[in-house]
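Q: Supplied in structure tokens, the structure appears directly below.
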Amino acid sequence: MSGTVIATHGLRKAYGAVRAVDGIDLDVRAGDIYGFLGANGSGKTTTVRMLLGLVLPTAGTVEVLGRPIPKAAREVLPGVGALIEGPAAYGPLSGTANLSLLDAAGPGGSRRTRKARIAEVLEQVGLGGGGKRAVRGYSLGMRQRLGLAGALLRRPDLLVLDEPTNGLDPQGIHEIRLLLLDLHRTGTTIFVSSHLLAEIEQLATRVGVLDRGRMVLQDDLATLTAPTGATVVTTTDPAQAARVLGDRVLTSDGERLVVRGSDPAEVNTALVGAGVPVTGLVLQRPTLEEVVLAAATGSGDRVAA
Amino acid sequence: MVRRGWRWAVVALGLAVLVALPAVFEALPADDASVAATDLRDRVLASDDVAFSGYAVSTGGLTLPVSDALTGVADLLSDQTSLRAWYRGAEDWRVDVVTTTGETGTHRDAAGTWTWDYADQRASRGDAPPLALPAAPDLLPSALGRRLLSEATDAELTRIDPARVAGVDAVGLRYTPAAEAASVSAVDIWADPTTGLPLRVVVRSADTSIPALDTRFLDLDLATPDAATTAFDPPPDADVTTDRDLTDVDLGRQERADLPATLAGLDRRTVEGVPDQIGAYGSGITVLAVSALPGRAAGSLRSQLAATPGAVVDDLGVRIAAGPLSLMVAGTSTRDGGSGTYLLAGTVTLDALATAAQQIQETDR
Amino acid sequence: MIAVELRKLFRRPRTWITIALLNSLPVLVAVLLKVTDLAPRPGEGPAFLSAVLTNGTLFPLAALAIVLPLFLPIAVAVVAGDSVAGEAQGGTLRYLLARPAGRTRLLVAKLVAIVVFVLVTVVIVAAVGYVVGTALFEVQSLGATTAVSGTSLTPEQVAGRTLLSIGYVTISMLGVAAFAMFFSTLTDSPQLATLGALAVLIGSSLLFTLDAASDIAPYLPTRYWLSFVDFFRDPIQWRNVARGLGLQAVYVVVLLGAAWANFTTKDITS
């Protein structure tokens, strides 16, 4: 599978005069792990719901797997696994029963293979032993895993996950990350929406940043966090180092100097040759946080006076 | 961009059609047939051999201030009564008064009637007396129409616009009583043009626009019903009794009245089954009945009538009107030195009642 | 889809608790009748109850008449009001629609599930009524049952007409179900949808007793509910039964149309 998996053009959703989503052009390609970032209230959830045909756009188009949504939802969505704003299940029923009902509720889930598929995904998300229990007794983390199992049930080509690690402990988050990376290796395109920069940074290959309903950034993570052409030096004698490097020092902050030059080895040679003790040496890269903060204007749930 | 409006438009259109349909159907004009008023009356009167089955509703607009003994009659004339009827002939029919959870059926055979009351699980046998209090079967448009037209003269009849009744384009006939004493201003009857069967009867009184009685068929089938349907055998566990007859009612036999030959312009007449103590006057739908009253009964009835809103109390007695029906207790009891008390009742105006009461007292003197 | 809705409905303990509660009232009435031997006068109290002391096989009908005015419609309003709003409140609606279970399909499946629920409930009420009636009261095994019209019905006729009544009562509930379902698509609160349907029901029952409202009485959803009694007249009076069926059909078509118009264009934000 290659090419564009999710494409929106001028996607807009207005609630009265308020534009929750304002002219978004999403571009998710096959094989991406697309990190969809944005503060709370920036329009992430509304966008995800429009991708799945739950919310109808005010203007603009949505294409998923090459077909228009919501028009072709019945053909497209069986191939999409989704986790939308937290998991939901029928409390009195067991995890297995919930998955079975969900699978039977729409097209594309063969009844013959259902039992085997359910057992497999439950094992995959780490609920292998909990399928028989009523969901009412599940912890938040277990529910989240069950929701993920539901999304994986039909081996989808595309996973749309809204805050997938919500409610999980660090161990659980790690497990889920490994699972997603594993799925990605087998060819699944993953669209993850989150407000947690660190999570996206560790997972995504491509990033889109939403700010107050507008897309302010969309690029490969590697490009965004590419080396800046500077080297960061840590030394116990910053004064001496500054003297040696002269005007190549861009900024200095205690024992930490940012030095022009994209070859740390060359910087090292210069410093060591002059007898400056070097304790740390690394190519400078911007963090995702720095990129996002530079692009976005502020928290979406702040209300200006 | 999804266009949302059209779904609501479809729903609104569907709703509008469904709501408008009965009204449109109602508003469709009924066809008229060219038939003279007198011919139509003759056809109606000859319709008592027309077999049918149907469902009729009678709505009474009268509030009768009467004693408990007559609540049955009062309900018939003041409420809505649903009737199912099967009619094979004048002496083979059945009329059920249908209530939500029960019914009272009257089955007529050659010898008399069976009355089945589900509420009391009681079947009672009567011998079809010539005179009886009004009962539910009398409210059936067919029976009522024939009865009311039976003495209508040619001059009293005119044709009116047709109306659709029970799916039939029924031709209209108006009976306007000529007698001055009449309290009924008109009786409108719509009948099936082919059989003459009255399908709707509306009795109007002069003083109000609300009909005193409006009875009509809602369903009608002119096929002859099964004999098994009109027949009746009392169920094994029911009470079986015999109807009380009107002649059993205490009318004060000891007080015989010499009643004048004419009262309020209405001539005295003889009616089969009416005891001698009662004088019957008038014809058609303008009738007056006069009877002497025992003193005890007179006292209580007089005070009851006097307490009725709109009652007229004067030297002659107490009189009230309920739509076209009027009722009066007149005279002074012999115990109080008078020449006796009378009950006057009929479909005459209050003025006519007063005139009649005066004429009776003058005769006695 | 329909199978899914049925499984959801009948695997839920609440459904069976509702049905059990529904049956408790007729059973209580039967026990009280047996203990006190005080049947209401015929024509008073719930239909057919007066005849039960002498013929227990009529108790299924009395049981239906007992639950018909209030218990049954409340149960229907609760289940139907929960149909869409309950899924919205629980968050499962978004997963169902993203699955994707088509919105129109979902509505139809919900309606069918509600109809099955009503039918199962009514059949259970009648069955429990039969068991209780024949256990507590006399059964006229040879003698015939007296119909409302005073004629005699054979046991086969009674059985057949009881089945007709069960079907009619089931269909009578569809108007309430349609109201509750429509409200259920308007709100994310199942309680609100149920209350809305009950408000309609109580309003309808009240207007029915009011002379001033007699012009609109034939269009009230509760107008022909008691017409199942007409099956026990002889001959059967079809007029009101037919009107009742037609009226319920109109309510179902219009309200389901409105529910469809609303639900298929609604933003699912729950």
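Rule-based calculations on the coordinates, nothing more; no lab input. As the structure is a prediction and not an experimental result, all values here were calculated from the model. All Cβ positions, even for glycine, are placed from backbone atoms using ideal geometry, and neighbour counts span all protein chains on display.
Q: Compare the Cα positions of A:94, B:165, B:155 along the charge dipole of the protein assembly as shown (+1 at Cβ of Lys, Arg; -1 at Cβ of Asp, Glu; about the Cα centre) and return the one farthest towards the positive end.
A: The Cα lying farthest towards the positive end belongs to A:94.
Q: At 0.36 nm per residue, and after removing the present C-alpha to C-alpha distance, how many nm does the segment from residue C:32 to residue C:20 gain when stretched out fully? Kindly include the intermediate steps, with their values, before the conclusion.
A: Numbers: separation 12, 0.36 × 12 = 4.32 nm, distance 1.84 nm.
Going from the current span to full extension adds 2.5 nm.
Q: Continuing with this model, one more query. Which whole-number percentage describes the relative contact order of chain C, with Cα contacts under 8 Å and a sequence gap of 6 or more? Please list the in-between numbers first.
A: Values: 367 pairs, mean separation 64.0, N = 270.
Here the relative contact order equals 24 percent.
Q: Neighbouring Cβ atoms within 10 Å as the yardstick, rank A:49, B:108, C:7, A:145 fewest first. Don't skip to the answer; put the middle values down first.
A: On the way: A:49 25, B:108 22, C:7 16, A:145 28.
Going from sparsest to densest Cβ surroundings: C:7, B:108, A:49, A:145.
Q: Still on this structure, I have one more. Students often check this: by mean Cβ neighbours within 10 Å, which of B:21-34, A:85-98, C:199-212, B:347-360 ranks highest, and how do the rest follow? Before the final figure, lay out the partial values.
A: Working: B:21-34: 10.6, A:85-98: 20.6, C:199-212: 14.4, B:347-360: 22.4.
Going from most to least packed, we get B:347-360, A:85-98, C:199-212, B:21-34.
Q: Using only the alpha carbon atoms of the range A:4-224, find the Kirkwood hydrodynamic radius as the inverse mean reciprocal pair distance, in angstroms to one decimal. List each step's numbers first, then the result.
A: Details: mean 1/r = 0.0567 Å⁻¹.
Result for the range A:4-224 stands at 17.6 Å.
Q: Quick one: which of B:124-131, C:252-259, A:125-132 comes out on top by average Cβ neighbours within 10 Å, and what's the full order, highest first? Numbers along the way, then the final one.
A: Values: B:124-131: 14.0, C:252-259: 21.0, A:125-132: 16.1.
So the peptides B:124-131, C:252-259, A:125-132, ranked by packing, come out C:252-259, A:125-132, B:124-131.
Q: Turning to a different aspect of this structure: Write down the radius of gyration of chain B and its Dmax, each obtained from C-alpha positions, in Å.
A: 23.6, 99
Q: Can you tell me the dipole magnitude for chain C around its Cα centre, using point charges on the Cβ only (Lys, Arg +1; Asp, Glu -1), in Debye to the nearest 20?
A: 820
Q: How large is the charge dipole for the protein assembly as shown, taken about the Cα centre, if only the Cβ atoms of Lys, Arg (+1) and Asp, Glu (-1) carry charge, to the nearest 20 debye? All intermediate terms of the calculation are to be shown ahead of the outcome.
A: Numbers: 79 positive and 93 negative charges, 971 e Å.
Magnitude of the dipole: close to 4660 debye.
Q: Continuing with this model, one more query. For each of A:272, C:120, A:48, count neighbouring Cβ atoms within 10 Å of the residue's Cβ, then give the residues from fewest to most.
A: Numbers: A:272 12, C:120 16, A:48 23.
Final ranking by Cβ density, sparse to dense: A:272, C:120, A:48.
Q: Quick one: Cα centre-to-centre distance for the range C:155-219 and the range A:175-189, in angstrom?
A: Centre-to-centre distance over Cα atoms comes out at 53 Å.
Q: Related question: Given R₀ = 30 Å, FRET efficiency for residue B:332-residue B:276 by Cβ-Cβ distance, to 0.05?
A: Details: r = 23 Å, r/R0 = 0.76.
Once rounded, the FRET efficiency stands at 0.85.
Q: From the Cα gyration tensor of the range A:170-210, with a ≥ b ≥ c the square roots of its eigenvalues, which class applies: rounded if a/c is under 1.5, or else prolate if a/b is larger than b/c, or else oblate? Intermediate values should be presented prior to the final figure.
A: Values: a/c = 2.42, a/b = 1.14, b/c = 2.12.
It is oblate, given that a/c is not under 1.5 and a/b is not larger than b/c.
Q: Separate question: Applying the Karplus parametrisation 6.51 cos²θ - 1.76 cosθ + 1.60 with θ = phi - 60° to the phi angles of the range B:344-356, what ³J(HN,Hα) value in whole Hz is obtained for each residue in order, glycine and proline being reported as x?
A: These are the phi-based 3J(HN,Hα) values: 10, 9, x, 9, 10, 6, 5, 5, 5, 4, 4, 4, 4 Hz.
Q: In the range B:273-365, with Lys and Arg counted as +1 and Asp and Glu as -1 at Cβ, which of these residues, B:291, B:354, B:305, has the Cα nearest the positive end of the dipole, that is, farthest along it?
A: Farthest towards the positive pole: B:305.
Q: Sticking with this structure for a sec: With charges only on Cβ, +1 for K and R and -1 for D and E, what is the dipole size of the range A:1-157 about its Cα centre, in debye, rounded to 20? If you can, show how the numbers build up before the last one.
A: Details: 21 positive and 11 negative charges, 134 e Å.
Dipole size: approximately 640 debye.
Q: Turning to a different aspect of this structure: Could you work out the mean count of beta carbons from other protein chains within 10 Å of each residue's beta carbon in C:100-111? Working shown, then result.
A: On the way: counts 17, 7, 4, 3, 0, 3, 2, 0, 0, 1, 0, 0.
That works out to 3 on average.
Q: Next up: Run a plain Debye calculation on the range C:2-263 (Cα atoms as equal point scatterers, no solvent) and give log10 I(q)/I(0) at q = 0.07 Å⁻¹, rounded to two decimals, same order as the q list.
A: At q = 0.07 Å⁻¹ the computed log10 ratios are -0.26.
Q: Tell me which of B:82, B:101, B:209 sits at the most positive position along the dipole axis of the range B:25-242, charges placed on C-beta atoms (Lys, Arg +1; Asp, Glu -1).
A: Value computed over the given set: B:209.
Q: What do you get for Rg/Rh over the protein assembly as shown if you use C-alpha atoms and the Kirkwood form of Rh?
A: Values: Rg = 42.9 Å, Rh = 35.2 Å.
Checking Rg against Rh, the ratio lands at 1.22.
Q: Do you know the relative contact order of chain B, to the nearest whole percent, from alpha carbon pairs under 8 angstrom that are 6+ apart? Write out the running numbers ahead of the final one.
A: Numbers: 769 pairs, mean separation 58.1, N = 365.
Relative contact order, chain B: 16 percent.
Q: Sketch the reach of a paramagnetic label on residue A:182 as a point 7 Å from Cα along Cα-to-Cβ, and name the residues of the range A:130-173 whose backbone nitrogen lies under 13 Å away.
A: So the set is A:149.
Q: Can you pick out the pairs among A:13/C:8; A:13/A:132; A:115/C:8; A:13/A:71; A:44/C:266; A:115/C:110 whose Cα atoms lie more than 29 Å from each other? Mind dumping the intermediate values first?
A: Values: A:13/C:8 34 Å; A:13/A:132 41 Å; A:115/C:8 18 Å; A:13/A:71 17 Å; A:44/C:266 19 Å; A:115/C:110 25 Å.
Checking Cα-Cα distances, A:13/C:8; A:13/A:132 exceed 29 Å.
Q: Amide H of residue B:241: which non-local residues (sequence gap of 5 or more, or other chain) have their own amide H closer than 5 Å, using H built in the peptide plane?
A: Hits under the 5 Å cutoff: B:123, B:124, B:125.
Q: Calculate, for residue A:236 and residue C:265, the FRET efficiency according to 1/(1 + (r/R0)^6) with r their C-beta to C-beta distance and R0 51 Å; round to the nearest 0.05. Don't skip to the answer; put the middle values down first.
A: On the way: r = 69 Å, r/R0 = 1.35.
Calculated transfer efficiency: 0.15.
Q: Also, quick follow-up: Arranged by the count of other C-beta atoms within 10 angstrom, fewest first, what order do C:25, B:199, A:26 take? The partial results should precede the final answer.
A: Values: C:25 15, B:199 28, A:26 24.
Going from sparsest to densest Cβ surroundings: C:25, A:26, B:199.
Q: Ok, one more. Å³ per residue of the Cα convex hull, for the range B:25-242?
A: Values: hull volume 30.2 nm³, N = 218.
Dividing the Cα hull volume of the range B:25-242 by its residues yields 139 Å³.
Q: Moving on to the next point. How large is ³J(HN,Hα), in whole Hz, for each residue of the range A:115-125 in order, when computed from phi with the Karplus curve 6.51 cos²θ - 1.76 cosθ + 1.60 and θ = phi - 60°, using x for Gly and Pro?
A: 4, 5, 5, 4, 4, 5, 5, 4, 4, 4, 8
Q: Hey, any idea what Rg/Rh is for the range A:230-284, computing Rh the Kirkwood way over Cα pairs?
A: Numbers: Rg = 9.2 Å, Rh = 10.4 Å.
Using Cα coordinates only, the ratio equals 0.88.
Q: Could you list, bin by bin from short to long, the percent of Cα-Cα pairs of the range B:250-364 in 5 Å steps?
A: P(r) for the range B:250-364, in whole percents per bin: 2, 12, 24, 27, 21, 11, 2, 0.
Q: If you don't mind, another one. Shape verdict for the range B:1-123, please, from the Cα gyration tensor: rounded (a/c under 1.5), prolate (a/b greater than b/c) or oblate.
A: Working: a/c = 2.46, a/b = 1.62, b/c = 1.52.
Note, shape of the range B:1-123 comes out prolate.
Q: Whole-Hz Karplus ³J(HN,Hα) for the range A:233-247, in order, using 6.51 cos²θ - 1.76 cosθ + 1.60 and θ = phi - 60°, x for Gly and Pro?
A: 10, 10, 8, 7, 10, x, 5, 4, 4, 4, 5, 4, 8, x, 7
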